[in-house]
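The values are calculated or read from the model by the stated rules, or taken from the named source; none is laboratory data. All figures in this text were calculated on a predicted structure; none of them were measured in a lab. Neighbour counts run over all protein chains shown; Cβ positions are idealised from the backbone, glycine included.
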Amino acid sequence: MITRPTVVVLHAHPDDEAIFTGATIRTLADAGVRVVLVTATCGEQGIPRVTLAPGETLRARRIAELERACELLGVARLVLLGYRDSGAHAGPYGFGDLGSAPAAGVAGHLERIVVAEHAEALVHYDPRGIYGHVDHVQVHRAGARVVRRLGITGYEATVDAARLRRGPRHVLQQAAGERLDAGVHPSRIGLTLHADVAALQAKQAAMAAHASQIGPEYLDPDGFAQAYRREWFVRRGAPGVIDAVAARRSMSTAAIAPAAATWSAATWSAATRSAATRSAAAAVAPVIERSAS
Ligand SMILES: [Zn+2]
């Protein structure tokens, strides 16, 4: 039996999945890959650009926006880890904030999901969390730990900041402006996914779904492709399913799936299975589950 290849994608806040990996998620889903999105916080500390309804919380609004983005991107399962957004400051961070959580604890929750899903690859962030936000750095720490422990392929989402500065306005400049210090040197980028038209449209729609955070000035149709068409990754481990899909994105699901299943058998090592056994006894975090029907 050919199992459907699965990729777990970890992000810090609702909207990061669309901004940094929206085209990749849509491209994977279109190639028949099961994408499980794990979002660590609900973005409670974001600054709303819209007026909330009476009694509505930003948390509730952002979860609804995230669910809509998941539909647009073809996410099969959404898991919210339930940590609180640490906010864009240097601390101290409160109890329950992702910024104060032990990395091993975050990694433990993530590992249970990766193991249960038999995922062969994990997407998270580069060591600076792309641009230094504490929640993004925590995502890197947890993601890198799980990649190391399970021996699966890690894809660290990043950006080519020099390219972003040269191009049309990018939402990363919302906070950092011209002082944008983000990403890695182009020589360290191991994989660049170039979105096709359909994936780029899905990414644009998913970003627009996060209307409480992303304004229309960052969604200019004329400059959108130039600003957001590329998605960059530093790869840890053997080339995996995202390399294949990025290179052969026009291939049919039937052509992609058997190859990915082969990698799955190779990477799903004894170490992974023993880790599954260990983590089964670990404590379970409060997790909100949303699955596509
Ligand atoms: Zn974020």
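Hey, any hits in the stretch 194-207 for a residue that's out of contact with any helix residue (DSSP H, G or I) (no Cβ under 6 Å at 6 or more places or on another chain) and among the charged types (D, E, K, R)? Looking for residues that are out of contact with any helix residue (DSSP H, G or I) (no Cβ under 6 Å at 6 or more places or on another chain) and among the charged types (D, E, K, R), one finds at least one in the stretch 194-207, hence yes. Listed conditions (1) away from the ligand (no atom under 16 Å from the Cβ); (2) touching a residue at least 12 places away in the same chain (Cβ under 8 Å); (3) farther than 17 Å from Val245 by Cα are all met by Ala60, apart from (2).
Among the conditions (1) under 23 Å from Ala161 (Cβ atoms); (2) away from the ligand (no atom under 14 Å from the Cβ); (3) of a type outside the set (Val, Ile, Thr); (4) surrounded by 21 or more Cβ atoms within 10 Å (Cβ to Cβ), the only one that Ala107 does not satisfy is (1).
Of the residues Pro5, Pro14, the single one that is crowded, with 24+ Cβ neighbours inside 10 Å and within 16 Å of the ligand (Cβ to nearest atom) is Pro14.
Within the stretch 110-139, the set of residues being surrounded by fewer than 23 Cβ atoms within 10 Å (Cβ to Cβ) and touching a strand residue (DSSP E or B) at 6+ places or on another chain (Cβ under 7 Å) comprises Ile113, Glu117, His118. Just a yes or no: is a residue in the stretch 65-77 surrounded by fewer than 20 Cβ atoms within 10 Å (Cβ to Cβ) and without any contact (Cβ under 8 Å) to a residue 40 or more places away in the chain? No, the stretch 65-77 has no match at all.
Applying the criterion of being at pLDDT 95 or above and small (Gly, Ala, Ser) to the residues of the stretch 38-52, the residue that is nearest to the ligand (Cβ to nearest atom) is Gly43.
Among the residues making up the stretch 125-145, those that are part of a helix (DSSP H, G or I), without any contact (Cβ under 8 Å) to a residue 60 or more places away in the chain and not hydrophobic (A, V, I, L, M, F, W, C) are His140, Arg141, Arg145.
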